[in-house]
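Below is one structure, written out as structure tokens, with a few remarks after it.
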Amino acid sequence: MDDLHNLYQEVIIDHSHHPHNFCVCNEANHMGDGYNPLCGDKLTLYIKEENGVVEEATFQGSGCAIFMASASMMTDAIKGKKIDEIKELYKNFHVLVTSGDINQTTKNIGKLAVFAGVSEFPVRVKCAILPWHTLKEALDK
Ligand code: ZN
């Protein structure tokens, strides 16, 4: 159980129990739905974007701890950021959770570095990526 313990670090557990931005945003102008059939994670994402900047990001949904923490921390991380910066962050997050290599991504990944351990659990990578994948789709609409 040691590996599992490492994976579910304190930050992740805290966010999964008390997700940030867990509400409907009525002013959203981008929305997306995501579902991970392997685990049962699902979410609806609400993004309010103005002039290429994400001003508000919220979500509703349910799933495993990794997924909930990822959605919670993602919505925190993207608020106030430009779409271009968010796309860069998405790429870096993808590298992080698939390779576990913090050195490649440490410059702007910030708190999201806690997800590096997910790379050791391929099944959980999809859980961590789902909110980001849904975000990309919502912004491309
Ligand atoms: Zn999951």
Exercise for the section: Determine which lysines satisfy two conditions relative to Lys91: a Cα distance under 16 Å, and not lying fewer than 8 residues away in the same chain. Expected result: Lys81, Lys82, Lys107, Lys111, Lys126, Lys136
Problem - Length-normalised contact order of the chain in % [C-alpha pairs under 8 Å, at least 6 apart] - result: 26
Fill in the blank from the handout: Shape call for the range 99-141, from the Cα gyration tensor axes a ≥ b ≥ c (a/c under 1.5 means rounded, otherwise prolate when a/b beats b/c, else oblate), comes out oblate
Completion exercise
Result for the range 2-140: accessible area per residue, probe 1.4 angstrom, in square angstrom, of 51
Exercise for the section: Could you run the Karplus curve 6.51 cos²θ - 1.76 cosθ + 1.60 with θ = phi - 60° over the range 60-75 and give me ³J(HN,Hα) per residue in whole Hz, x for Gly and Pro? Expected result: 10, x, 8, x, 6, 4, 4, 5, 4, 5, 5, 5, 4, 6, 5, 5
Completion exercise
Residues whose modelled amide H sits under 5 Å from the amide H of Glu49, counting only those 5 or more places away in sequence or on another chain, are Asn29, His30, Glu55
Completion exercise
Taking only the Cα positions of the chain, the convex hull volume per residue in Å³ is 94
Practice task
Take the alpha-carbon centre of the range 74-120, take the same for the range 24-60, and report the distance between them in whole Å.
Solution key: 18
Problem - Inter-label distance for Lys111 and Tyr35, nm, one decimal - labels placed 7 Å from Cα along Cα-to-Cβ - result: 3.0
Exercise for the section: Would you work out if the range 6-83 is rounded, prolate or oblate? Take a ≥ b ≥ c from the square roots of the eigenvalues of the alpha-carbon gyration tensor; rounded if a/c is under 1.5, else prolate when a/b is larger than b/c, oblate otherwise. Expected result: prolate
Fill in the blank from the handout: Once Lys91 and Asp76 are pulled to full extension, the length gained, defined as 0.36 nm per residue separation minus their Cα-Cα distance, is 3.7 nm
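The values are calculated or read from the model by the stated rules, or taken from the named source; none is laboratory data. Only a predicted model underlies this, so the values are computations on that prediction, with no experimental measurement involved. Using ideal geometry, Cβ is built from the backbone for each residue, glycine included, and neighbour counts are taken over all protein chains shown. All accessible areas refer to the heavy atoms of the entire protein, side chains included, with ligands and DNA or RNA removed. Shrake-Rupley method; radii C 1.70, N 1.55, O 1.52, S 1.80 Å.
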